[in-house]
Amino acid sequence: MKTQDWGRWGCLMLALLTLGLVSERVALAQAGTGSIRGLVTDATGSVLPDVQIEATNVATQLKFTTTTTGAGIYTLSSLPIGVYTVVAKHAGFKQFVQENVDVATASTTAVNIALALGEVSETVTVTESVAPLMQTDNAEVATVVENRVVMDLPLQVGSGGGGRRQVESFIFLSPGVSGDWFTKTFNGSIDLSNMAQVDGIAWSNSEVPGRFFEGTPPFEAVQEFKVANTLHPPEVGRAFGVTNYTLKSGTNRFHGNGFWFNREDNFDARGFFVDKKRHEIQNEFGGTLGGPIIKDKTFFFGSYSGFRFATAGGGTQLITLPPADFRRGDFSRLKDDSGNLIQLHDPDTTHPDGKGGFIRDPFPGNIIPLSRLSAQQYPRELCQSARRTTRR
């Protein structure tokens, strides 16, 4: 192995180790989380204050605690997404246990609790699954795309996004979202008005606002995501649509996968308008791995995705590069199919034609002076030469 390869792998391992050793409390500062909220009452419907509430993440055994307010309300926020067990304890009442509480990305799961009179040593357990099917604490209209959907549904791979599998393609499963890989609209909004977040951190593209495919996380690294297209929280700004991606994390069990997608021209048919098949080899490969470093306390997760694409011949694309004289502004031989000169006119000479319209003077010889060429579009030495000529 070459020296630079060892260095590259060493940096990768150091980065993974650093991420794995991050404290669980620091990890909770990320906004790609959810909440559990509810009301605690007794058998008569009266609210109960000072009830101890504890939520335990089933996969990591991380525990989160709080107590109910004087109005009997409790809120557990900044919870990593996953399945939880909620326990409620209060003197003079039986212990209440609610299992299979599903916490989704940027969503609130309502778990209302009714405590029965009895000893704390007695337990009432509810095993029915609880999921955030309806938001009652805000007016946001959103769709959560679960990991099961992401991993099991077929995904079309085309030229958009570089030909790679893009998890962003699943946002079209949400009502009101239309468009393609480059631009999307949310409930009829203008193009490129959406915003993407990864673990609650805004991702932006200064070149084309709203375009996300170039920075999409590896497909297998996404746990789930949420698409909000109406009345989303004000902290996201003026975006018409917000997509919040939550990445996977490590648990108390080692888990991972490997994948390889291959496309060869040997499996393709020849196009109708070409003489031979286009030579094309496309490979996308990688894997994920996550698990515990210190059980119940510290975890790690990493992913890698590689993409290789080679093609030659057999295509129908025609790419034309401007000749050297055109790049210098000399269009004296720019002609149409009949051999007639295509005259270029100087926009700075616009003047009335005396008939209610406007006309422009043609460039002499159909040549644009070098002093009029943009330094960003034409060779620097030509523009510098033009400036020297102008100063003289």
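Within the stretch 220-242, the set of residues being in a helix (DSSP H, G or I) and modelled with pLDDT under 85 comprises P234, E235, V236. Please pick out the residue among A131, A110, A88 that is modelled with pLDDT under 90 and either surrounded by 12 or more Cβ atoms within 10 Å (Cβ to Cβ) or assigned by TED's automatic domain parsing to the domain that holds S249 (or both). Just one listed residue meets the conditions, A131.
Matching residues to (1) more than 19 Å from the chain's Cα centre (by Cα); (2) outside any loop (DSSP other than H, G, I, E, B); (3) among the basic types (K, R); (4) under 21 Å from S107 (Cα atoms):
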site	(1), (2), (3), (4)
N244	no, yes, no, yes
R253	yes, no, yes, no
N257	yes, yes, no, no
N262	yes, yes, no, no
E280	yes, yes, no, no
G290	yes, yes, no, no
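Applying the criterion of being among the β-branched types (V, I, T) and either assigned by TED's automatic domain parsing to the domain that holds P80 or outside any strand (DSSP E or B) (or both) to the residues of the stretch 177-206, the residue that is surrounded by the most Cβ atoms within 10 Å (Cβ to Cβ) is T183. Note on the stretch 352-370: among residues that are outside any loop (DSSP other than H, G, I, E, B) and out of contact with any Ser or Thr (no Cβ under 7 Å at 6 or more places or on another chain), the one that is farthest from A324 (Cα to Cα) is P352.
One residue is enough: does the stretch 257-275 have a residue meeting the conditions in the same structural domain as T230 (by TED's automatic domain parsing), surrounded by fewer than 17 Cβ atoms within 10 Å (Cβ to Cβ), of a type in the set (V, I, T) and out of contact with any Ser or Thr (no Cβ under 8 Å at 6 or more places or on another chain)? No, that holds for no residue.
Y84 - would you say it is closer than 26 Å to G250 by Cβ and assigned to a strand (DSSP E or B)? Against the criterion (closer than 26 Å to G250 by Cβ and assigned to a strand (DSSP E or B)), Y84 qualifies. Reported count of residues in the stretch 45-59, each being under 16 Å from A71 (Cβ atoms) and either surrounded by 18 or more Cβ atoms within 10 Å (Cβ to Cβ) or of a type outside the set (A, V, I, L, M, F, W, C) (or both), is 7.
Quick check, is P209 at pLDDT below 80, part of a loop (DSSP other than H, G, I, E, B) and assigned by TED's automatic domain parsing to the domain that holds S303? So P209 passes the test. For the residues F331, F301, F326, F358, the requirement of being modelled with pLDDT of 90 or more and in contact with a Pro (Cβ under 8 Å, 6 or more places away or on another chain) singles out F358. Yes or no: the stretch 293-304 includes at least one residue that is assigned by TED's automatic domain parsing to the domain that holds F261, basic (K, R), more than 30 Å from G271 (Cα to Cα) and not in a strand (DSSP E or B). Yes, there is a match, as at least one residue in the stretch 293-304 is assigned by TED's automatic domain parsing to the domain that holds F261, basic (K, R), more than 30 Å from G271 (Cα to Cα) and not in a strand (DSSP E or B).
Taken together, the residues in the stretch 173-190 that are at pLDDT 80 or above and over 20 Å from S107 (Cβ atoms) amount to 7. Every test in (1) modelled with pLDDT under 85; (2) closer than 30 Å to T56 by Cβ is passed by T316 save one, and that test is (2). Taken as a whole, the stretch 150-160 holds at least one residue that is closer than 27 Å to P233 by Cα, modelled with pLDDT of 75 or more and not hydroxyl-bearing (S, T, Y). Looking across the stretch 243-284 at every residue that is basic (K, R) and farther than 21 Å from A59 by Cα, the one that is modelled with the highest pLDDT is identified as R263.
The values are calculated or read from the model by the stated rules, or taken from the named source; none is laboratory data. Computed from a predicted structure; not experimentally measured. Note that each Cβ is placed from the backbone with ideal geometry, even for glycine, and that neighbours are counted across all protein chains shown.
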